[in-house]
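Here is the structure we will look at, set down as structure tokens.
The values are calculated or read from the model by the stated rules, or taken from the named source; none is laboratory data. A quick note: this is a predicted structure, and the numbers were derived from the prediction, not measured. Note: ideal-geometry Cβ built from the backbone for every residue, glycine included; neighbour counts use all protein chains shown. Ligands, DNA and RNA are stripped out before the accessible areas are found, and what is left, the full protein with its side chains, is counted by its heavy atoms. Shrake-Rupley method; radii C 1.70, N 1.55, O 1.52, S 1.80 Å.
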Amino acid sequence: MRIALYQPDIPQNTGNIFRLGACLGVSVDIIEPTGFIFDDKRFKRSAMDYLDHIDYKRHIDWQHFYDWKKENNFRLILMTTKSQESLYKFKFNPSDILLFGRESAGVPKNIHNIVDHRLKIPMKGGVRSINLSSSVALVLGEGLRQTNQL
């Protein structure tokens, strides 16, 4: 299982997600451009020394990432508030890539249209969304639990 971040905006979230990936042995894909310089001190502060323990790949844009995903036969699972399907009713596979959009804008409609599945984290009404790094932790935990990868 892998985590993919589409053009992340906030370096601290990305750093936290790198730390999570390092601790759980999950690779992270960054789909550029990012909203920050990759060696930003806020990113490095939140990732701490975990950068030495994580497998990550930077993709120069969506098309390069998508071509790489197809070549490697990964299933692409988009997490979005615009889905009706709960992540808790979904059957994850060990080779899934969990795709998360930009904190400020999610992913464009064309990406919504080509992913393999779109899932949501069920939330109570009247709230907008959960912080990106918290969302990744929730979804990844469920995916790893289901696939016995913990």
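Under a Cβ-Cβ cut-off of 12 Å, what is the net charge of the residues other than LYS120 that fall near it, where Lys and Arg count +1 and Asp and Glu count -1?
The answer is +2.
With the crude spin-label approximation of a point 7 Å out along Cα→Cβ, what separation in nm comes out for ASP116 versus ASN148?
Taking the simple label geometry, ASP116 and ASN148 are separated by 2.0 nm.
Restricting to DSSP H runs of at least four residues, report the calculated mean residue ellipticity at 222 nm for the chain, -39500 (n - 2.57) per run over all residues, nearest 500 deg cm²/dmol.
Taken over the chain, the calculation gives -10500 deg cm²/dmol.
Are any of the pairs LYS44/LYS82; LYS44/LYS120; LYS41/LYS109; LYS89/LYS109 more than 26 Å apart by Cα-Cα distance, and if so, which?
Over 26 Å Cα-Cα: LYS44/LYS82; LYS44/LYS120; LYS41/LYS109.
So if R0 is 22 Å, what FRET efficiency would ILE37 and HIS64 give, r being the distance between their Cβ atoms, rounded to the nearest 0.05?
Calculated transfer efficiency: 0.65.
Checking the a/c ratio against 1.5 first, then a/b against b/c, what shape does the Cα gyration tensor give for the stretch 64-150?
oblate
Would you mind getting me the FRET efficiency between ALA105 and GLU71? Use the beta-carbon distance for r and R0 = 30 Å, nearest 0.05.
0.65
So if each residue of separation counts as 0.36 nm, and I subtract the Cα-Cα distance between LEU138 and SER86, what length gain in nm does that give?
Contour length minus Cα-Cα distance gives 17.5 nm.
Go ahead and collect, in residue order, the members of the stretch 30-46 whose backbone nitrogen is under 19 Å from a label point 7 Å along the Cα-Cβ direction of LEU24.
Answer for the stretch 30-46: 30-31, 46.
Heavy atoms only, probe 1.4 Å: what % of the accessible area of the chain goes to carbon and sulfur, would you let me know?
Carbon and sulfur together cover 47 percent of it.
Explain nothing, just compute: Karplus ³J(HN,Hα) = 6.51 cos²θ - 1.76 cosθ + 1.60, θ = phi - 60°, for every residue of the stretch 5-13 in order, whole Hz, x for Gly and Pro.
10, 8, 6, x, 9, 10, x, 5, 4
What percent does the relative contact order of the chain come to when contacts are Cα pairs within less than 8 Å and at least six residues apart?
29
Suppose all protein chains stay in the model; what accessible area per residue would a 1.4 Å probe give for the chain, in Å²?
With all protein chains present, the chain gives 53 Å² per residue.
Less than 17 Å apart at the alpha-carbon level, and either on another chain or at least 8 residues along: which lysines does that give for LYS70?
By straight Cα distance, LYS70 reaches LYS57.
Listed highest first by mean packing, meaning other Cβ atoms within 10 Å per residue, what order do 119-126, 28-35, 9-16, 142-149 come in?
9-16, 28-35, 142-149, 119-126
Taking the Cβ of HIS59 as the center, what net charge do the other residues with Cβ under 15 Å away carry, scoring Lys and Arg +1 and Asp and Glu -1?
Its environment carries a net charge of 0.
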